[in-house]
Amino acid sequence: MDRKNLIEINVTSDVGLLREVVLGPFKPFTMEDLAREAEEDGGAAGDQEELLAELLARYCVEAPDPAIGARQHARLAAVLEEHGVTVHWADPVDRAVRHYPRDMGVAVDDVFFLARPATAGRQREQTGLRSLRSRMSRVRALDAGVIEGGDVLVSTEEVLVGVGESTSEEGVAALRRAMAEEGLAREVVPLRFAHLGVVHLDVHFTLAAPGVGLVNPAAFTAESLAQLRSRFDLIEVTAQEVRALTVNTVALGPDRLILQAGHDRLEAELARRGVTPVPVDYSEITRFPGGLHCATLPLVRI
């Protein structure tokens, strides 16, 4: 491979200085499009109906206005580039929602681990990484379970993995095994949720700076919340802030954080900890339960 086109995977922390990231193209969609895809994927039955009820109760679940959503997504790309980040675009795929590449994999140190999505639709979405995968320096597939990138966060010494409807215990074990085989000496720490409808770990916990996290305490079991409290200075968010996807942030570096605009309390808490907030209006896109962290898949942080 021509080395000038090579993407040298390197992510040692979710709050390292961001240098290369994947965005997915914004495509207008309707709730009817999503319902049709769900039917094609086998529909919702049993516990899936319970899960859908939890999602509708906890989040706004609406299709974004196409024009506003496209403008906000373009603004996110512009802010990243203004801060010296190289933006790689995922390939178009036959999916209603394509602008959440975070779930398709995760870079840990110098290895990119491909996710194992649970549904056929999300598996199709992962094909959007095909052309970028061929340029990545080191890629590893996982061999069991289900696991999505939004459930995986890289801290300084550990990898934190949410266990819920999108990531199974088998998926966590597969990641742990693959990391060991690749020579990555990090502990994998499972974090378990207290209820259905969490979506992903990054909707309820993200790293804001080294040793600092944003958290929704209600989402975690007592044991998992204690694990987070023992590791991080936690900024707790309210149920209303969770609904607005305020936890779903993306670090530009150890002291600069992109977050949903319009949340002065959180900006003040971050500033008090030496973190410069970079507000971006993503409110139209977060009418569907995905935000800034979901929209960005880091490949290089230094």
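The values are calculated or read from the model by the stated rules, or taken from the named source; none is laboratory data. Since the structure is predicted, the reported quantities are computational estimates derived from the model, not experimental observations. So basically every Cβ, Gly included, is an ideal-geometry build from the backbone, and we count neighbours across all protein chains shown. The accessibility values were calculated without ligands, DNA or RNA, using every heavy atom of the protein model including side chains. Shrake-Rupley method; radii C 1.70, N 1.55, O 1.52, S 1.80 Å.
Classification of the range 60-103 by its C-alpha gyration tensor yields an oblate form. The axis ratio a/c (a ≥ b ≥ c) is 1.5 or more, and b/c is at least a/b.
The dipole here belongs to the range 81-204: it is taken about the Cα centre, uses +1 on the Cβ of Lys and Arg and -1 on the Cβ of Asp and Glu, and is about 420 debye. For residue 7, the amide hydrogen comes within under 5 Å of the amide hydrogens of 136, 137, counting only partners 5 or more places away or on other chains and with H modelled in the peptide plane. Separation of the range 235-290 from the range 15-30 is 16 Å, based on Cα centroids. Taking max minus min of the alpha-carbon positions on each principal axis, the range 75-170 gives extents of 39, 36, 25 Å, largest first. The residues of the range 134-293 expose, per residue, 36 Å² of accessible area to a 1.4 Å probe.
Computed in the context of the full set of protein chains, the accessible area of the range 220-302 at 1.4 Å probe radius has 50% of its extent on carbon or sulfur.
Under a 1.4 angstrom probe, counting protein chains only, how are 60, 294 ranked by accessible area, largest first? Show your work: numbers first, answer last.
Values: 60 30, 294 5 Å².
Solvent-accessible surface, decreasing: 60, 294.
About the Cα centre of the chain, how large is the charge dipole given +1 on each Lys and Arg Cβ and -1 on each Asp and Glu Cβ? Please answer in debye to the nearest 20. Approximately 840 debye in magnitude.
Across the range 116-254, Cα pairs under 8 Å and at least six residues apart give a relative contact order of 19 percent. Placing unit charges on each Cβ (+1 for Lys and Arg, -1 for Asp and Glu) gives the chain a dipole about its Cα centre, and among 199, 7, 278 the Cα reaching farthest toward its positive end belongs to 7.
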